[in-house]
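Before I ask anything, let me first share the structure, which is written out below as structure tokens.
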Amino acid sequence: ALFGRTDVSDKDLPHRSKLTEMIFKEYIKEHDELKEEFKNALGRISFTADVWSDQNLLAYLALTSHFCTKDD
């Protein structure tokens, strides 16, 4: 039994390297789609950034973009 379930075995779960590969492929796909959206922006693209840390001093960075596009 894995995780308290009898219908799940270790071979049913992807290895960490496979998960890393899957996440990176999804990132590339989303990144390429975003670049295409930026190409269709009607004007300027505004970027906003925010940086902060939690109580354990772990750093976080948030990036936001704002732009308008015209749908076909």
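The values are calculated or read from the model by the stated rules, or taken from the named source; none is laboratory data. Worth saying up front: this structure is predicted, and the values here are computed from it rather than measured. FYI the Cβ positions are ideal-geometry reconstructions off the backbone, even for glycines, and counts take in every protein chain you see. In case anyone asks, the SASA skips ligands and DNA or RNA and just uses the protein heavy atoms, side chains included. Shrake-Rupley method; radii C 1.70, N 1.55, O 1.52, S 1.80 Å.
For segment 10-67, count the residues as N, evaluate 2.2 N^0.38 Å, and divide the Cα radius of gyration by that value, please. Spell out each step's value before the answer.
Details: Rg = 16.9 Å, N = 58, 2.2 N^0.38 = 10.3 Å.
For segment 10-67, the normalised Cα radius of gyration is 1.64.
Could you state the accessible area per residue of the chain in Å², with a 1.4 Å probe and every protein chain left in place?
On the way: 7000 Å² over 72 residues.
Solvent-accessible surface per residue comes out at 97 Å².
State to the nearest 20 debye the size of the charge dipole of the chain about its Cα centre, where the only charges are +1 on K and R beta carbons and -1 on D and E beta carbons. Before the final figure, lay out the partial values.
Details: 10 positive and 14 negative charges, 34 e Å.
It comes to approximately 160 debye.
If you don't mind, another one. Of all accessible surface on the chain at a 1.4 Å probe, what whole percent is carbon and sulfur?
Roughly 55 percent, rounded to a whole number.
While we're looking at this one, here's another question. Calculate for the chain the 222 nm mean residue ellipticity that helices alone would give, adding -39,500 (n - 2.57) per DSSP H run of length 4 or more and normalising by residue count, nearest 500 deg cm²/dmol.
-12000 deg cm²/dmol
How far is helix 16-39 tilted off the main Cα axis of the chain, in degrees rounded to 10, range 0 to 90?
Helix 16-39 sits at roughly 10 degrees to that axis.
Quick one: net charge around residue 25, please, counting Lys, Arg +1 and Asp, Glu -1 for every other residue with C-beta under 12 Å from its C-beta.
Residues close to residue 25 contribute a combined charge of -2.
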